[in-house]
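Engineer: Before I ask anything, let me first share the structure, which is written out below as structure tokens.
The values are calculated or read from the model by the stated rules, or taken from the named source; none is laboratory data. Here the structure is a predicted model, which is why all the values come from computation and not from measurement. Here the Cβ is made from the backbone with ideal geometry for all residues, glycine too, and neighbour counts use every protein chain on show. For the accessible areas, the whole protein counts, side chains as well, though only heavy atoms, and no ligand, DNA or RNA atoms are used. Shrake-Rupley method; radii C 1.70, N 1.55, O 1.52, S 1.80 Å.
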Amino acid sequence: PGAPPRAPRAAMGRSVLLFSWWLAEASKVAVLNNGNFDSHLDANKLTLVKFYAPWCGHCKAMAPEFEKAAEQLEGKVSLAKVDATVEEALGTRFGIESYPTMKWFENGEEHEYDGPREAEGIVAWTQTAREPAVVDVGSEEEVVVKPGKPTVVLYGEPQEAFTKAASAKRQAARWFRVPGKGETVTLRHYQEDPIEFVEELEVGALKDFLAENILPRVGMLNTDTYDQYYSKKMGLLACLYPMRKTEDTEAKVEPYRADMQAIAKAFPDYYVVYTNTEDFAEALDEIFGVKKFPSFVVKTKTDSKRKFILQGEFTAQSAVAFVKKVEAGEQEPTIKSEM
């Protein structure tokens, strides 16, 4: 018998179109353009928009995660996408300079998205975004200050600028308001002295204040904070304690926190950092040149390749004395063959 007859081109074309239509219908991510953007925001009071470029590798990797998040959030939050290489007017309107860029819209008002790119993180971020950005408490004792991110507190009556700054940076900090007279704002890190905001109470100034003080004097070095520490161009004092990957890093270093605070107070031009030494063992060998713990390492500038490793017992007193020798030029940097 001969080969079966081929399907007519027209039929094949219809099949392709139907399949494309089915894919579009199956997606829970809305496709926006200059013509339907504003009407979509009017109809969907909570919308997370992804501005992307078809050729962008990060955008391609994120696409299935965005779809998963859209399915989980259906009926609660609208997830939408804009091809900014085609919709150039929208890209210009929202200042899109890199891909992917995410924007959160609440009642049509634009806010920054500073959350993760995987489905679970996106869903968690939008859950937080649907809660009040500022937590009103009755007294100072109710303000929550924990390791991980700073706490920003407004003492006084509600202020629109404070609420807008909190909405834009709700993932970067914890925001509280304590009733009282006047308007005073402070930023606090766990077990550190508060930093007072002294500028006019404006959204931009508050965001700049947070960015300037986002890192604690004593804090965790990990994949989330690495770029932040290195962008500051300050020195690093690494207090590296032995621990297992499965252990809670913050709980593990708590017995040493007073020592780390003492080291930080002695050297205000440095950040004191710690990390999970088993989880980041390879990175610690590359950055600081250490494989055994406990260890104490000095980097006078984050972008410097020179490092100084304390030999002998590591205590707060020995660490302070060691940094003073480094500062005085009395300590030679450690090279790989010495370790």
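Engineer: Output the number of the condition that residue 312 fails; it satisfies all remaining conditions of (1) open to solvent by 50 Å² or more (accessible area, probe 1.4 Å); (2) touching a residue at least 24 places away in the same chain (Cβ under 8 Å).
Structural biologist: It fails just one condition, (2).
Engineer: Can you tell me which residue within the range 235-258, out of those that are among the hydrophobic types (A, V, I, L, M, F, W, C) and out of contact with any Leu (no Cβ under 9 Å at 6 or more places or on another chain), is surrounded by the most Cβ atoms within 10 Å (Cβ to Cβ)?
Structural biologist: That would be 237.
Engineer: Let me ask something additional. Residues being open to solvent by 40 Å² or more (accessible area, probe 1.4 Å), assigned to a loop (DSSP other than H, G, I, E, B), closer than 26 Å to residue 251 by Cα and in contact with a strand residue (DSSP E or B) (Cβ under 7 Å, 6 or more places away or on another chain): count how many of those fall in the range 148-185.
Structural biologist: Total satisfying the criteria: 1.
Engineer: Something else about it: Free of Cβ contacts under 8 Å to residues at least 24 places away in the same chain, open to solvent by less than 70 Å² (accessible area, probe 1.4 Å) and of a type in the set (S, T, N, Q): is that true of residue 78 in this structure?
Structural biologist: Against the criterion (free of Cβ contacts under 8 Å to residues at least 24 places away in the same chain, open to solvent by less than 70 Å² (accessible area, probe 1.4 Å) and of a type in the set (S, T, N, Q)), residue 78 does not qualify.
Engineer: How many residues are under 23 Å from residue 99 (Cα atoms) and modelled with pLDDT of 90 or more if we restrict to the range 11-65?
Structural biologist: 33
Engineer: For residues that are touching a helix residue (DSSP H, G or I) at 6+ places or on another chain (Cβ under 6 Å) and over 16 Å from residue 46 (Cβ atoms), scanning just the range 62-75, find the one that is least open to solvent (accessible area, probe 1.4 Å).
Structural biologist: 65
Engineer: Another one. Which residue pairs have Cβ atoms closer than 8 Å, lie 6 or more positions apart in sequence or on different chains, and pair a first residue in the range 246-266 that is β-branched (Val, Ile, Thr) with a second residue that is in a helix (DSSP H, G or I) and open to solvent by less than 70 Å² (accessible area, probe 1.4 Å)?
Structural biologist: 253/260; 263/316; 263/319; 263/320; 263/323
Engineer: Go over the candidates 292, 233, 299 one by one and state the one that is closer than 26 Å to residue 194 by Cα and at pLDDT below 95.
Structural biologist: The conditions single out 233.
Engineer: In addition: Just checking, does the range 88-96 include any residue being hydroxyl-bearing (Ser, Thr, Tyr) and open to solvent by 80 Å² or more (accessible area, probe 1.4 Å)?
Structural biologist: Looking through the range 88-96, at least one residue is hydroxyl-bearing (Ser, Thr, Tyr) and open to solvent by 80 Å² or more (accessible area, probe 1.4 Å).
Engineer: Output the residues belonging to the range 81-92 that are without any contact (Cβ under 8 Å) to a residue 24 or more places away in the chain and in contact with a helix residue (DSSP H, G or I) (Cβ under 9 Å, 6 or more places away or on another chain).
Structural biologist: none
Engineer: Something else about it: What single numbered condition from (1) out of contact with any helix residue (DSSP H, G or I) (no Cβ under 8 Å at 6 or more places or on another chain); (2) in contact (Cβ under 8 Å) with a residue 60 or more places away in the chain fails to hold for residue 138?
Structural biologist: Result: residue 138 fails condition (2) only.
Engineer: Need a quick list: strands (runs of 3 or more DSSP E) entirely within the range 217-302 having at least 3 residues that are closer than 23 Å to residue 331 by Cβ.
Structural biologist: Output list reads 235-240, 270-274, 295-299.
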